[in-house]
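Trainee: Structure incoming, see below.
The values are calculated or read from the model by the stated rules, or taken from the named source; none is laboratory data. Owing to the predicted nature of the structure, the values given are computational and were not obtained by experimental measurement. Cβ atoms come from the backbone with ideal geometry, glycine included; neighbour counts cover every protein chain shown. Just so you know, the surface numbers come from the protein's heavy atoms only, side chains and all, with ligands and any DNA or RNA stripped out. Shrake-Rupley method; radii C 1.70, N 1.55, O 1.52, S 1.80 Å.
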Amino acid sequence: MLTPRQIEQVKATVPVLREHGVLLTTHFYRRMLEGNPELRNIFNQAHQARGRQQKALAEAVLAYAENIENPAVLLPAVKFIASKHATVGIRAEHYPIVGRHLLASIREVLGEAASDELLEAWGAAYGQLADLMIEVESGIYEAQANADGGWSGWRPFIVSRRVEETPDVVSLYLTPADGGKVPVWKPGQFVSVRAYLPELKLVQPRQYSLSAAPEDRSQLRISVKRIAAAGDAPAGLMSNHLHKCLKAGDTIDVSAPAGEFHLAEGTNPVFLAGAGIGVTPIFAMLESIARNTPERQVTFVQVARTASELVFVNEVREAAGKLKNAKLLAFVTQPAEADTTIKCPCVKLGARPSVEDIRALAPEADVDAYLCGPGDFMSGMRAALEAAGVPARQIHAEVFGTGSEA
């Protein structure tokens with residue numbers, strides 16, 4: 001329990017964190033990964049290079065400092081982060097290492113402003129947060145290990161099949177190498193896979209949504225988009241490795257399914273929208289509804305640059321055909337010449353979803369909306385849904401991919 005004085009000290013750092021938070025977290029990550037290089041195998045080095053983890057941690061530290069008197073309000077964010085941690089192998093023993101480097105970074109970045117009293121306050125604050133994270137993550141690991149067909153940590157899987165969905169998306173069907181079964185996951189959840197990347201001389205994990213409904217207990221399916229270099233952004237090392245190097249019969253380590261973004265049970269109307277490869281968890285939800293609650297009213301919106309980039313077209317139609325009340329609409333934002341011959345009324349060329357489009361789809365007041373895609377797509381869809389009368393609490397979203405997908 002923090003003392004009133006320690007709380008006061010932590011809150012006093014809020015202005016500094018707002019202005020210099022990324023500087024602090026950049027120094028922290030550099031210090032930690034140099035001092036404990038074995039952790040490079042856990043942390044996404046592509047996100048490190050692009051500054052994403054530094055920015056995300058800076059925002060998390062600021063939010064914690066701002067809410068230090070009532071950290072319980074951050075529990076949804078803690079659960080989200082914990083589910084990510086649980087799929088890359090972050091364990092309780094890592095937290096003292098992180099804490100040591102974080103406190104040293106505060107002293108080194110703030111200099112004389114980092115008094116012993118301030119460091120003691122932040123040490124207590126970090127300990128409180130670490131205990132909370134460890135508790136939540138331990139619960140996830142325990143639930144994963146005790147689930148029927150479940151496991152904790154990494155498990156070897158064999159690639160039983162590859163399906164080229166589009167020129168840039170491949171689906172990998174993964175079967176446990178031990179011959180066992182997999183647990184029943186929730187539509188929308190994800191797993192991590194890890195592989196040795198020669199370019200980095202490191203083992204690296206990457207997270208991918210499960211792109212099928214939880215029906216077949218013998219396998220998992222992920223669908224990976226190959227990320228090409230664009231401008232200053234380099235090509236995706238893992239996505240290209242999986243596309244080029246992982247073949248049927250190969251083995252790869254996989255984490256147990258996890259994630260807070262998933263379809264809720266019920267029979268109320270559902271609005272599903274995915275952009276680019278962000279459609280993978282959204283399709284899993286559609287397929288699950290078609291199999292388990294086909295009477296449920298479903299609106300399914302998919303956005304891609306060209307018609308050839310619309311993933312799971314045939315599977316979407318098959319799933320929709322099992323529903324009693326389904327609306328499908330695809331938006332092709334940068335149609336190729338061949339796309340202009342498409343006459344289907346469910347495909348709109350050269351457009352993105354507008355408020356008018358969403359209103360025309362007429363989601364019910366009690367609809368649950370699920371969105372997955374790049375940030376600009378998500379913010380636009382959220383605004384359109386709220387303008388159409390959908391309460392913010394019923395809009396569930398997860399950012400997916402890098403940059404703008406559509």
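Trainee: Considering only protein heavy atoms and a probe of 1.4 Å, how much of the accessible area of the range 294-351 is carbon and sulfur, as a whole percent? Mind dumping the intermediate values first?
Mentor: Details: 1530 of 2970 Å².
Taking all protein chains in place, the range 294-351 shows 52 percent carbon and sulfur surface.
Trainee: Which pairs in the list K79/K181; K186/K247; K84/K247; K247/K327; K247/K348 are over 29 Å apart, alpha-carbon to alpha-carbon?
Mentor: K247/K327; K247/K348
Trainee: Please compute the modelled spin-label separation between A145 and I97, points set 7 Å along Cα→Cβ, answer in nm with one decimal.
Mentor: Each label point is offset 7 Å from its Cα along the Cβ direction, giving 1.9 nm.
Trainee: Let me ask something else. Going by alpha carbons, how many degrees (0 to 90, nearest 10) lie between the helix axis of 279-292 and the longest principal axis of the chain?
Mentor: So the helix axis and the longest Cα principal axis differ by about 60 degrees.
Trainee: Please work out how much length the chain gains when fully extended from K201 to A228, using 0.36 nm per residue of separation minus the C-alpha to C-alpha distance, in nm with one decimal.
Mentor: Using 0.36 nm per residue and subtracting the Cα-Cα distance, I get 7.7 nm.
Trainee: Residue by residue, what Karplus-based ³J(HN,Hα) values in Hz, rounded to whole numbers, does the range 43-48 have, using 6.51, -1.76 and 1.60 with θ = phi - 60° and x for Gly and Pro?
Mentor: 7, 5, 6, 5, 5, 4
Trainee: In addition: What's the extension gain from H396 to R317 if we count 0.36 nm per residue and subtract their Cα-Cα distance?
Mentor: Difference between extended and current length: 26.1 nm.
Trainee: Something else now. Heavy-atom accessible area per residue, the chain, 1.4 Å probe: how many Å²? Please list the in-between numbers first.
Mentor: Numbers: 18410 Å² over 406 residues.
That works out to 45 Å² per residue.
Trainee: Could you check the spin-label model distance between E135 and A177? Points 7 Å from the Cα along Cα→Cβ, value in nm.
Mentor: With each label point 7 Å from Cα toward Cβ, the separation is 3.7 nm.
Trainee: How far is it, in nm, from the label point at R359 to the one at D376 when both lie 7 Å from their Cα along the line to the Cβ?
Mentor: Label-label distance for R359 and D376, simple model: 2.4 nm.
Trainee: Tell me the angle of helix 95-110 to the major Cα principal axis of the chain, expressed in degrees between 0 and 90 and rounded to the nearest ten.
Mentor: Helix 95-110 sits roughly 70 degrees off the main axis of the chain.
Trainee: If you roll a 1.4 Å probe over the range 4-146 with all protein chains in place, what percent of the accessible area is carbon or sulfur?
Mentor: Roughly 58 percent, rounded to a whole number.
Trainee: So if each residue of separation counts as 0.36 nm, and I subtract the Cα-Cα distance between A248 and Q128, what length gain in nm does that give? Intermediate values should be presented prior to the final figure.
Mentor: On the way: separation 120, 0.36 × 120 = 43.20 nm, distance 4.60 nm.
Difference between extended and current length: 38.6 nm.
Trainee: To continue, here is another question. How much net charge surrounds G21 when only the other residues with a Cβ under 13 Å from the Cβ of G21 are counted, with Lys and Arg +1 and Asp and Glu -1?
Mentor: Net charge around G21: -1.
Trainee: With a cap of 16 neighbouring Cβ atoms within 10 Å, and only residues DSSP puts in a loop, list the trypsin sites (Lys or Arg not before Pro) found in the range 62-149.
Mentor: Here the trypsin sites (Lys or Arg not before Pro) that fit, given the DSSP loop and packing criteria, are R91.
Trainee: Can you work out the PRE-style zone for C344? Point 7 Å along Cα to Cβ, and I want the residues of the range 289-307 with backbone N under 20 Å.
Mentor: 289-291, 298-307
Trainee: Now a separate question. Run through the DSSP bridge list for the chain and note the antiparallel percent, rounded to the nearest 5. It would help to have the intermediate numbers written out before the result.
Mentor: On the way: 32 of 58 bridges.
Roughly 55 percent of the beta bridges in the chain run antiparallel, per DSSP.
Trainee: Let me ask something else. What is the sum of charges around T306, taking Lys and Arg as +1, Asp and Glu as -1, for the other residues whose C-beta is under 11 Å from the C-beta of T306?
Mentor: -3
Trainee: Report the net charge of residues surrounding E34, where surrounding means a beta-carbon distance below 15 angstrom and charges are Lys +1, Arg +1, Asp -1, Glu -1.
Mentor: It works out to a net charge of +2.
Trainee: Shifting gears a bit: Relative contact order for the chain: what is it in percent, counting Cα pairs under 8 Å that are at least 6 residues apart?
Mentor: 13 percent
Trainee: Skipping prolines and chain starts, which residues have an amide H placed within reach, meaning under 5 Å, of the one on A256, given they are 5 or more residues away or on another chain?
Mentor: G153
Trainee: Excluding residues on the same chain fewer than 8 positions from K201, give the aspartates and glutamates whose Cα lies under 12 Å from its Cα.
Mentor: Qualifying aspartates and glutamates at Cα under 12 Å: E38.
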